[in-house]
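Presented below is the structure to which this report refers.
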Amino acid sequence: MKIAVVGTGYVGLVSGTCFAETGNHVTCIDIDEKKVKKLASGTITIYEPGLEKIFIRNLNEKRLDFTTNLAEGIKDAQIIFLALPTPPGEDGSADLKYVLGVASELGKLLTDYKVIVDKSTVPVGTAEKVRNAIAEHYKGEFDVVSNPEFLREGVAVDDFMKPDRVVIGTTSERARKIMGELYAPYVRQGNPVIYMDEKSAELTKYAANSFLATKISFMNEIAQLCERLGADVDMVRRGIGSDERIGKRFLFPGIGYGGSCFPKDVQALIKSAEQVQYDFKILKAVETVNENQKLHLLPKIKHYFNNQLKGKHFAIWGLAFKPNTDDIREAPALYIIKALLAEGATVTAFDPEAMHNVKQQIGNVIEYANDQYSTLNNADALIIATEWNEFRTPDFDMMVQKMKHKVIFDGRNLFDVKAMQDKGFYYESIGRPK
Ligand code: UGA
């Protein structure tokens, strides 16, 4: 099939590349000339394990190309995906200016039947707005489909190539058939393609992310209880997770969820509910719990240092909001750094992929180390903010040699509490005994 993808952000680039990977011809369109030039010449613009290899292959085999010209890019496409940003507006609701702007442009360009697909996370009712924006200029036949994306950063290629499910929101038989054919190679293992109306598909995406965020905030509250009651959240997690109704995944407490999706989508669903006079109480609590959890380590750190952080030096391992990404949007590490600096402390940090983004955002208010051990020189304590695999079995002897004090505050529960005590560390983690 011939496909156009408008927007070469995370979702657009992964989707475009993965659609090319099964033999489709994909043209990706973006208004950012510099980015398009880079991509067209074979330089990938995001860090995502496994993506670069298939990106280069499909580019070389001429199944993938890039342009800034919308008219040119969509000319032969049967399906046009909109993978555009929907940033939170001032009141937290998703801002649709990019999606509707392109829809309106498309209306002026269409000359024959095409399927226009909302891939971005958009509020319920957006498909209808996209349809209206196109219909204002184009009187011929076309369909608008909601096809939300569920891929996770860090495992995006796998998630896309073998999705747990594909959700297709449309009541048009014609569009349904085309979308079904497009996705057939991705669900060969038998994972379901679930057809529904557009509104349900749009809501499914918000409900999925909000439910996962709820699971995390719930576990973070259980961890708070564990700390106060002397229970171990690892045990509780395993105890409840083996009940299939609850499930093992997404029960890890920590220093809060971050990234570009959960915080934004939880906020947007609360806002959508408000707009139809519904007070989404659980989600408001999920959000508040998460805000507090990002700084959960701070009182522990302050308590340890008798409220005197001025002049103390901290090492931080991990800056990205989660491992295997260079994404620092809503990353808990940045909140912790800000709080430490405000208390007069100094910080040296290391992250395997995200340091360039942090440098760009906060500059040299902290120091950046070349590897995890160099952060530790003269450190009064180490703070672990992201669970990169390479932090899981460090050389503790080397750490001891470098650190001023053997003190670790672990926001991701990487180490065994007893083993750390045996090694002589003062070790505090989340929801586990000290
Ligand atoms: C999330 C969803 O998982 C995807 O299905 C969805 O497509 C995507 O948002 C999106 O809307 O685009 P992502 O933001 O890439 O994906 O990251 P996740 O792996 O879901 O992690 C989100 C946050 O939750 C991270 O900060 C992570 O540290 C935190 N988390 C996750 C926990 O604190 N505990 C857990 O048990 C799991």
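Taken about its Cα centre, the stretch 129-286 carries a charge dipole of about 80 debye when Lys and Arg each add +1 at the Cβ and Asp and Glu each add -1 at the Cβ.
Work out the length of the dipole vector of the chain about its Cα centre, built from +1 on the beta-carbon of each Lys and Arg and -1 on the beta-carbon of each Asp and Glu, and round it to the nearest 20 debye.
On the way: 55 positive and 58 negative charges, 102 e Å.
My answer is approximately 500 debye.
Considering the dipole of the chain built from charges on the beta carbon (Lys and Arg +1, Asp and Glu -1) around the Cα centre, which of 409, 137, 120 is farthest to its positive end? Toward the positive end, the furthest listed residue is 409. Entry note, the chain: relative contact order of 11 percent, from Cα contacts under 8 Å with a spacing of 6+ residues.
For the stretch 205-289, count the residues as N, evaluate 2.2 N^0.38 Å, and divide the Cα radius of gyration by that value, please. If you can, show how the numbers build up before the last one.
Details: Rg = 13.9 Å, N = 85, 2.2 N^0.38 = 11.9 Å.
After normalising by residue count via 2.2 N^0.38 Å, the value is 1.17.
In the elastic network of the chain, a GNM with C-alpha springs shorter than 10 Å, the most mobile of 404, 294, 199 is 404. Determine the shape class of the stretch 378-434: with a ≥ b ≥ c the square roots of the Cα gyration tensor eigenvalues, call it rounded for a/c under 1.5, and otherwise prolate if a/b is greater than b/c, oblate otherwise. In terms of gyration-tensor shape, rounded.
Helix-derived [θ] at 222 nm for the chain: sum -39500 (n - 2.57) over DSSP H runs of at least 4, divide by residue count, nearest 500? Walk me through the numbers on the way to the answer.
Values: 17 runs with 184 residues, N = 434.
About -13000 deg cm²/dmol.
Normalised by the number of residues in the stretch 205-289, what is the relative contact order in percent for Cα pairs under 8 Å and 6+ residues apart?
Working: 76 pairs, mean separation 33.7, N = 85.
Across the stretch 205-289, relative contact order equals 40 percent.
To the nearest 20 Debye, how big is the dipole of the stretch 202-300 about its Cα centre, given +1 on the beta carbon of each Lys and Arg and -1 on that of each Asp and Glu?
On the way: 14 positive and 12 negative charges, 32 e Å.
In total the dipole reaches around 160 debye.
Are there DSSP H segments in the chain that both extend 24 Å or more along their axis (alpha-carbon positions) and score a mean Kyte-Doolittle hydropathy of at least -1.0? List them, or say none. Intermediate values should be presented prior to the final figure.
Values: long enough: 198-229 (46 Å, -0.08).
Answer set is 198-229.
Only bridges whose two residues both fall in the stretch 2-196 count here: according to DSSP, what percent of them are antiparallel, nearest 5? Close to 5 percent.
Once you have the Kirkwood Rh of the chain from its Cα pairs, apply Stokes-Einstein at 20 °C and 1.002 mPa s and quote D in µm²/s.
On the way: Rh = 23.4 Å.
D = 92 µm²/s.
In the stretch 291-392, the inverse of the mean reciprocal separation of distinct Cα atoms equals 13.5 Å; this is its Kirkwood hydrodynamic radius.
Please figure out what share of the DSSP beta bridges in the chain is antiparallel and state it in percent, rounded to the nearest 5. Could you put the intermediate results ahead of the total?
Values: 2 of 44 bridges.
Antiparallel: roughly 5 percent of the beta bridges in the chain.
With K and R counted +1 and D and E -1, the other residues having a Cβ less than 12 Å from that of residue 190 yield a net charge of +2.
Readers should treat all values here as calculations from the given coordinates under stated rules, not as data from a laboratory. Given the structure is predicted, the values throughout are model-derived calculations rather than measurements. Neighbour counts are summed over all protein chains in view; Cβ atoms, including those assigned to glycine, are modelled from backbone coordinates with ideal geometry.
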